[in-house]
Amino acid sequence: MSRVDPARLGDLTEVLAEVRSWDGVDDRGSGTFYLYGKPFLHFHASRDSRRADVRRADGWVQIDLPEPAPAGARRRLLTVLRAEHGDR
């Protein structure tokens, strides 16, 4: 799976806008985010699937994101991201 084309992240606009507003977050473009200078969030996609990779204290967690992502998937992603941001 390769990194996602940013055009495929349009359904996550609200989630990513919130992430950009957090202290310590640096949007490196193309769906890649760093938190306090360390990789924090990026996306991968193939023709038929897409996922978010979120860095946790114990490694990376993969979150499947259908296209377009339903509200429940967006909430789950945001819940994981908030928890990880809050732990740092």
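The values are calculated or read from the model by the stated rules, or taken from the named source; none is laboratory data. Here the structure is a predicted model, which is why all the values come from computation and not from measurement. Don't worry about glycine lacking a Cβ; one is built from the backbone with ideal geometry, like all the others, and counts go over all protein chains shown.
What to note about this one:
Residue by residue, here is whether (1) on the phi > 0 side of the Ramachandran plot; (2) touching a residue at least 24 places away in the same chain (Cβ under 8 Å); (3) not in a helix (DSSP H, G or I) holds:
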| residue | (1), (2), (3) |
| --- | --- |
| ARG8 | no, yes, no |
| THR13 | no, no, no |
| LEU16 | no, no, no |
| VAL19 | no, yes, no |
| ARG28 | no, no, yes |
| HIS44 | no, yes, yes |
| ALA52 | no, yes, yes |
| THR79 | no, no, no |
| HIS85 | no, yes, no |
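- Enumeration of residues in region 60-70 that are more than 21 Å from ALA7 (Cβ to Cβ) and either of a type in the set (Gly, Ala, Ser) or touching a helix residue (DSSP H, G or I) at 6+ places or on another chain (Cβ under 7 Å) (or both): VAL61
- Of residues in region 6-45 being acidic (Asp, Glu) and exposed (fewer than 12 other Cβ atoms within 10 Å of the Cβ), the one farthest from ALA83 (Cα to Cα): GLU14
- Just one of the listed residues (ARG51, ARG55) is in contact with a His (Cβ under 6 Å, 6 or more places away or on another chain) and either modelled with pLDDT of 95 or more or surrounded by 11 or more Cβ atoms within 10 Å (Cβ to Cβ) (or both), and it is ARG51.
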